[in-house]
Amino acid sequence: MKRAFPILWVVTVLLLAYGLYQALVVAPTEATMGPVQRIFYYHVPCAWTAFCLFFTNLFASVVYLIWKNNKADSLAVASAEVGVMFCTIVLITGPIWARPVWGIWWTWDVRLTTTLVLWLIYVSYLMLRRFSDTAQTPVLAAVLAVFGALDVPLVYFSIWFFRTQHPQPVMGKGGSLAPAMLHAFLINLLAFSVFGAMICWSRFRLETLKREVEQAHAMESLGGPGVPETTSLPLSRSAR
Amino acid sequence: MSSFWPVVSATLAKDIRLEWRSKDALNSMLFFSLLVVVIFSFSFDPNAEESRQIAGGLIWVAFLFATVVALNQTWARELKNQVLDAYRVSPAPPNGLFLAKALGNFIFVILLEAVMAPLFIVFYNLRALGPAWQLIPVGMLGTWALVVNGTFFAALSLRTRSREIMLPLLLFPISIPAVQAMVEATRILLAGDGSARFWIVLLLTYDVVFTTASLALFGTILHAE
């Protein structure tokens, strides 16, 4: 796995470069919206990646709550942080596109508002992790992730009750997307998914290493033999 | 599980007795929401028609802030003399303790609303154009929505740094759909345009979902070490 890591990064960078070329040069300019439509090749893949990462976070949180697996908690931290970053990109690129096309920066439409609330919930998740640095932080954060996941459908329904303004997804039945556009879009969807997964993986490795170092420090200060073989002990982050 | 209801009633009775003697939470909530109402009255100068449209928002924001004031005190009391540690080692069911705390807060916030609602009506010159009796289920369900999650997150943020700041940061994002439902239902009932049924059902769903989740996960929070 460790040998695959740099190779996968190279592949990711190549994919992103190819996606950039496809989106900016190869794909035709949209007839009514003009060049600003090209933001779609980044906006939607980032949204997809963010939602996948939030889903990973929920999955890792549930795994942690059941089995108290430290790796799962590291994955939860990594996916939440990277997910918030991608979600921020979505919330920034959206208004840049909406201003020339809709004439407004923001509207309280169902997809926009649900994404914003999801972002708020995950920012509060990161705040909790930041403000609490005891050994029980992973449990508290995992519980909060479960609560956030329960909240999202309710947010969706409460705003769905108003009329929605966001463009309906153009893929699927009777999709009006030109083949060249679809190609550019799919390349970028793949590139950003892999990119998100790679950042998440890097952050996960960083978190794992940090915990190993902390544990080694804790062991050293106890006068123990140094780094233990396994890292399955719950770590106190207050050891810093 | 046979000790569930005795634990609930004993803890609830203790909390009500403590509150009856000190009146800390009630006094601070009452004065705080009075301040919010007065400041809102200076910030907006509405006529009767406008106030019907915005009063639902104002009244619930005032109650939301006041609830946080009460919730911050609810568990802090148990930290003194290691009461919470005693709970933890006792065989009493933890969700009984949670339910009692949530019920206690619910009673205090309902009392606050019973006092503040007439004041709101006077200050904003309100008269409901829709079926006013529906404001009672909206108030009950909305208060429970705030209190059940608030009590849970107050326990969750108990051992974080600066927990009094942490509670609203955790509670407000999760409460957004509930707050929207309360505000919309109140606005519809005051302005008399349409039916508030969708929002009442949404509040009911929110309450059922989060009461279940809180009762199921409170033990995990209490025993997290």
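Bear in mind these aren't lab numbers, they're just calculated from the coordinates by the rules spelled out. Small disclaimer: the values here were computed from a predicted structure and weren't measured. Because the Cβ atoms are built from the backbone with ideal geometry, glycine has one as well, and the counts that use them run over all protein chains shown.
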Candidate lysines - alpha carbon under 23 Å from B:Lys23, same-chain residues fewer than 8 apart omitted: B:Lys14, B:Lys80, B:Lys101
Residue farthest toward the positive end of the dipole of region A:1-127, with Cβ of Lys/Arg at +1 and Asp/Glu at -1: which of A:Ala72, A:Leu91, A:Ala47? A:Ala72
In degrees, nearest 10, the alpha-carbon axis of helix B:24-43 is tilted away from the dominant principal axis of the alpha carbons of chain B by 30 degrees
Among B:Gln82, B:Gln73, B:Gln180, the residue with the largest mean-square fluctuation in a Gaussian network model of chain B built from Cα contacts under 10 Å is B:Gln82
Taking chain B as the reference, fit the longest principal axis to its C-alpha atoms, fit the long axis of helix B:4-22 to the helix C-alpha atoms, and give the angle between the two in degrees, 0 to 90, nearest 10. 60 degrees
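Within 10 Å of each Cβ in peptide A:139-146, how many partner chain Cβ atoms are there on average? Round it to a whole number, please.
Values: counts 7, 11, 1, 3, 11, 8, 0, 4.
That works out to 6 on average.
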Give me the distance between the Cα centres of region A:69-146 and region A:6-45, rounded to whole Å. 24 Å
How much mean residue ellipticity at 222 nm does chain B get from its helices, if each DSSP H run of length 4 or more adds -39500 (n - 2.57) and you divide by all residues, to the nearest 500 deg cm²/dmol? -29000 deg cm²/dmol
Among the DSSP H helices of chain A, those whose Cα atoms extend at least 30 Å along the helix axis and whose mean Kyte-Doolittle hydropathy is 1.6 or higher are A:137-160
Let me know the number of lysine pairs in chain A closer than 20 Å at the Cα, not counting same-chain pairs under 8 apart. 4
Working from Cα positions, state the angle (0 to 90°, nearest 10) between the long axis of helix B:48-79 and the longest principal axis of chain B. 10 degrees
Sites matching trypsin sites (Lys or Arg not before Pro) across region B:1-106 that sit in DSSP coil, with at most 13 neighbouring C-beta atoms within 10 Å: B:Lys23
Among B:Ala102, B:Thr11, B:Val179, the residue whose Cα sits farthest towards the positive end of the charge dipole of region B:4-222, when +1 is placed on the Cβ of each Lys and Arg and -1 on the Cβ of each Asp and Glu, is B:Thr11
In terms of the Cα gyration tensor, with a ≥ b ≥ c the square roots of its eigenvalues, is chain B rounded because a/c is under 1.5, prolate because a/b exceeds b/c, or oblate? prolate
Rounded to the nearest Å, the spacing of the alpha-carbon centers of region B:46-84 and region B:176-225 is 15 Å
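If you put +1 on each Lys and Arg Cβ and -1 on each Asp and Glu Cβ, how big is the dipole of region B:4-222 around its Cα centre, in Debye rounded to 20? Please report the intermediate quantities before stating the final value.
Numbers: 15 positive and 13 negative charges, 132 e Å.
That gives region B:4-222 a dipole magnitude of about 640 debye.
Which of the three applies to the protein assembly as shown, rounded, prolate or oblate, going by the alpha-carbon gyration tensor with a ≥ b ≥ c and a/c under 1.5 meaning rounded? Kindly include the intermediate steps, with their values, before the conclusion.
On the way: a/c = 2.54, a/b = 1.17, b/c = 2.17.
Here the protein assembly as shown falls in the oblate category.
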